[in-house]
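Enquirer: Shown below is the structure under consideration.
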Amino acid sequence: MATTTPDIQRNRRAKSASRPGDRIFSGLSRGSGITLLVIMAAIAGFLTYRAILAISKDSTSFFTTFEWNPAGNPPVFGIAVLAFGTIVSSIIAMLIAVPVAIGIALFISHYAPRKLAKPLAYVVDLLAAVPSIIYGLWGAIFLVPYLDGLNQWLDQYMGWTYIFDKSSDGVARNLFTVGILLAIMILPIITNVTREVFLQAPKMHEEAALALGATRWEVIRMSVLPFGRSGIISASMLGLGRALGETMAVAVVLSPSFLISGHLLDPGGGTFAQNIAAKFNEADEFGRDALIASGLVLFVITLLVNGAARWIIGRRKEYSGAAA
């Protein structure tokens, strides 16, 4: 009786499992995965325990209060302003960075000559390695003063949108400036991952499209972008993760206040990471528990964002590169 394909595969797996190297590698891989889950569970447990200690003593609503004073009598602290500032600044950063990153990645991978593509890719890699404090100092010294003119222009011509209506005077230490700075910071991350995905697009698909008379843009639209869709989403989520948790750059640029305003050009606002960095050293034990409670919310938001990205990628088979 002829040996069937499933039998052959089963025999190969059994032979592989009997090799010492394969057993060691399998054990290390399984142990690494379990270790990661244990670390995540330990972090979640620590944050949850300390958050419960703080929230149980809060005299107001933790999710809707527009004040942060854990040392008061009674203690009052809430994350409404922090959640608003974190989400709004991250959305601004993504709206700016993602289209630009895709354009740069396409230029490096499919348009630029080889002599230009390699140095440009190297420069983008260097931007990803710049420490966040350097971005923050550059933003405070250079970006903030030069954005005053842009803010005035937006107020004059786009003020009817309410979002760009500047209702108070002051320097450009606002969520809009933070969003632009975050966009510059996450741009190299999204560009690098997206570029590598575009370079993996099947050459046969591109050559077939060219043979049928497609233009370069049509080749990219029909072959490269569908193949790289999951990579674009993954790269965007990596960038969003950094934008949500960025600390020092935001702390240097933003003028913090516990007010929620729909006018993005007004000074003020706050984010989870910036608030933790600014208040952790001077806080007492209960104040640190309150800051950890806000950190738990940021932790949950990050998990939800990454989970949503995985769901978007997995819900349609054509998001897989193999199906492109």
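Enquirer: What residue among Ile55, Gly72, Ser234 has its Cα farthest toward the positive end of the dipole of the chain, where the charges are +1 on Lys, Arg and -1 on Asp, Glu, each on the Cβ?
Expert: Ser234
Enquirer: Once you charge only the Cβ atoms, +1 for Lys and Arg and -1 for Asp and Glu, what is the size of the charge dipole of the range 199-242 about its Cα centre, to the nearest 20 debye?
Expert: 180 debye
Enquirer: For the range 78-323, what number results from the quotient of the Cα radius of gyration and 2.2 N^0.38 Å? Numbers along the way, then the final one.
Expert: Details: Rg = 20.4 Å, N = 246, 2.2 N^0.38 = 17.8 Å.
Cα-based Rg divided by the globular estimate yields 1.14.
Enquirer: Right, next: Ile163: net charge of surrounding residues, Cβ under 11 Å, Lys/Arg +1, Asp/Glu -1, itself excluded?
Expert: Details: positive: Lys166; negative: Asp155, Asp165, Asp266.
Here the count lands on -2.
Enquirer: Also, I was wondering about something else. Report the one residue of Leu259, Leu212, Ala243 whose Cα lies farthest in the direction of the positive end of the charge dipole of the range 205-321 (charges on C-beta: Lys and Arg +1, Asp and Glu -1; origin at the Cα centre).
Expert: Looking along the dipole axis, the top candidate is Leu212.
Enquirer: What Rg and what Dmax come out for the range 137-201 when only alpha-carbon atoms are used, in angstroms?
Expert: Over the range 137-201's Cα set, Rg and Dmax evaluate to 15.9, 50 Å.
Enquirer: I need the peptides 254-263, 241-250 ranked by packing, meaning the mean over residues of other C-beta atoms within 10 angstrom, with the highest value on top.
Expert: Numbers: 254-263: 17.6, 241-250: 21.8.
Top to bottom by mean Cβ count within 10 Å: 241-250, 254-263.
Enquirer: Amide H neighbours of Asn69 under 5 Å, counting only residues 5+ apart in sequence or on other chains, H built in-plane at 1.01 Å?
Expert: Val76, Phe77, Gly78
Enquirer: Where does each of 164-177, 286-299 land if you order them by average Cβ count within 10 Å, highest first?
Expert: Details: 164-177: 19.1, 286-299: 21.1.
Highest to lowest by the protection proxy: 286-299, 164-177.
Enquirer: Using a 10 Å cut-off on Cβ atoms, rank the peptides 46-54, 232-240 from the highest mean neighbour count down.
Expert: Numbers: 46-54: 16.7, 232-240: 21.4.
So the order, starting with the most tightly packed, is 232-240, 46-54.
Enquirer: List the aspartates and glutamates whose alpha-carbon lies under 19 Å from that of Lys115, not counting same-chain residues fewer than 8 positions away?
Expert: Partners found: Asp125, Glu196.
Enquirer: Compute the separation of the alpha-carbon centres of the range 109-149 and the range 176-228 and state it in Å as a whole number.
Expert: Taking the Cα centre of each part, the range 109-149 and the range 176-228 sit 19 Å apart.
Enquirer: How big is the charge dipole of the range 78-323 about its Cα centre, in debye rounded to the nearest 20, if each Lys and Arg gets +1 on its Cβ and each Asp and Glu gets -1 on its Cβ?
Expert: Numbers: 17 positive and 16 negative charges, 213 e Å.
Magnitude of the dipole: close to 1020 debye.
Values quoted throughout were computed directly from the atomic coordinates according to the rules given, and no laboratory measurement underlies them. The shown structure was predicted, so the numbers you read here are calculated from the model rather than taken from an experiment. Backbone-built Cβ (ideal geometry, glycine too); neighbour counts: all protein chains shown.
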